[in-house]
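The structure appears right after this line, and notes come after that.
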Amino acid sequence: MSAAAPAAPFTVLIPARMASSRLPNKPLADIAGAPMVVHVARRASQSAATRVVVAADDQRIVDACQAHDVQAILTRADHPSGSDRLAEACGQLGLDGSDIVVNVQGDEPLIDPRLIDAVASILEQRGDASMGTAAHAIDSVEDYVNPNVVKVVLDAKGLAHYFSRSPIPFARDFAPGTAWWKDEKHLPVAAKGVAPLRHIGIYSYRAGFLREFPRLAPAPTEVLEALEQLRALWHGHRIAVHVSEHAPGPGVDTPADLERVRALLG
């Protein structure tokens, strides 16, 4: 990952909530003697962030973080989304509207600190964008057609056109379920060297926009796709996308994911 660390200071906020249908009490899941959310915060602290703060919905998370010298604040338990929780956190921390905030998910104990820097940097560089995020090239047909793998299509300026669970862009003249982007012989000239992109769920915002975002009406596309970032596009905001050379480390959604990460960090 070649992006330089951003020149402007930024804050990493890590939303953490206890409720999880597939992995109860996920933020406190033990990995090598420390809660998972603490591992996330420690990785984030290796970035250029000026501070890393966990925004929790339960005092037990706050206590666990403080026991490991990780800053944490308690937010309301009834927030409908992570963005709402981060908006409250911005207020509690007294962040200025122009301050850059990077949202790192609390179930990413293998997050690359350089990816955090890159997502902060791309927003700092792009005054035409309200948000920043990341993506990487998809290699397999399985990921391309998997609805759990979110895809993003960019414009010529590296801004997001659209995010979808469907396989986009759709190559009309190629057989469904094929790796059309690898067929250099038959690809149109304008499409050569282009691969579908997998969205990586990390975001940067300016604190003022993050406070505004939860007040925006949900978008029809957001509701249909179950992708919150589509709300920003629906209301005319732009999202700058850093294209990473590598896929991120595995996140933790299930007990099997947790065991894999324990094996890596144990």
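Run down Arg76, Arg22, Arg60 and say which single residue is surrounded by fewer than 17 Cβ atoms within 10 Å (Cβ to Cβ), modelled with pLDDT of 90 or more and touching an Asp or Glu at 6+ places or on another chain (Cβ under 8 Å). Before you say what the answer is, go through the steps one by one.
Values: Arg22 fails: modelled with pLDDT of 90 or more; Arg60 fails: touching an Asp or Glu at 6+ places or on another chain (Cβ under 8 Å).
So the residue among Arg76, Arg22, Arg60 that is surrounded by fewer than 17 Cβ atoms within 10 Å (Cβ to Cβ), modelled with pLDDT of 90 or more and touching an Asp or Glu at 6+ places or on another chain (Cβ under 8 Å) is Arg76.
Selection of the stretch 125-163 for residues being under 15 Å from the mean Cα position of the chain (by Cα), under 16 Å from Arg198 (Cβ atoms) and in contact (Cβ under 8 Å) with a residue 24 or more places away in the chain yields Thr133, Ala134, Ala135, His136, Val149, Val150, Lys151, Val152, Ala160, Phe163.
To keep it simple, each residue is scored yes or no on (1) closer than 27 Å to Gly236 by Cβ; (2) of a type in the set (D, E, K, R).
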residue: Asp107; (1), (2): no, yes
residue: Ile111; (1), (2): no, no
residue: Glu124; (1), (2): yes, yes
residue: Asn146; (1), (2): no, no
residue: Lys157; (1), (2): yes, yes
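Within the stretch 98-122, the set of residues being of a type in the set (Gly, Ala, Ser) and not in a helix (DSSP H, G or I) comprises Ser98, Gly106. The sole residue among Ala120, Ala41 that is open to solvent by less than 20 Å² (accessible area, probe 1.4 Å), of a type outside the set (Ser, Thr, Tyr) and within 25 Å of Asp257 (Cα to Cα) is Ala41.
Of all residues in the stretch 211-224, none that is touching a residue at least 40 places away in the same chain (Cβ under 8 Å) has its Cβ atom under 9 Å from the Cβ atom of a residue that is open to solvent by 70 Å² or more (accessible area, probe 1.4 Å) and of a type in the set (D, E, K, R), 6 or more apart or on another chain. Taking the residues in the stretch 243-266 that are among the aliphatic types (A, V, I, L, M) and either within 20 Å of Asp117 (Cβ to Cβ) or touching a Leu at 6+ places or on another chain (Cβ under 9 Å) (or both) as candidates, determine which candidate is most open to solvent (accessible area, probe 1.4 Å). Within the stretch 243-266, the match that is most open to solvent (accessible area, probe 1.4 Å) is Leu264.
The values are calculated or read from the model by the stated rules, or taken from the named source; none is laboratory data. Because the structure is predicted, anything quoted here is derived from the model rather than measured. Neighbour counts run over all protein chains shown; Cβ positions are idealised from the backbone, glycine included. Ligands, DNA and RNA are excluded from the accessible area calculation, which covers all protein heavy atoms including side chains. Shrake-Rupley method; radii C 1.70, N 1.55, O 1.52, S 1.80 Å.
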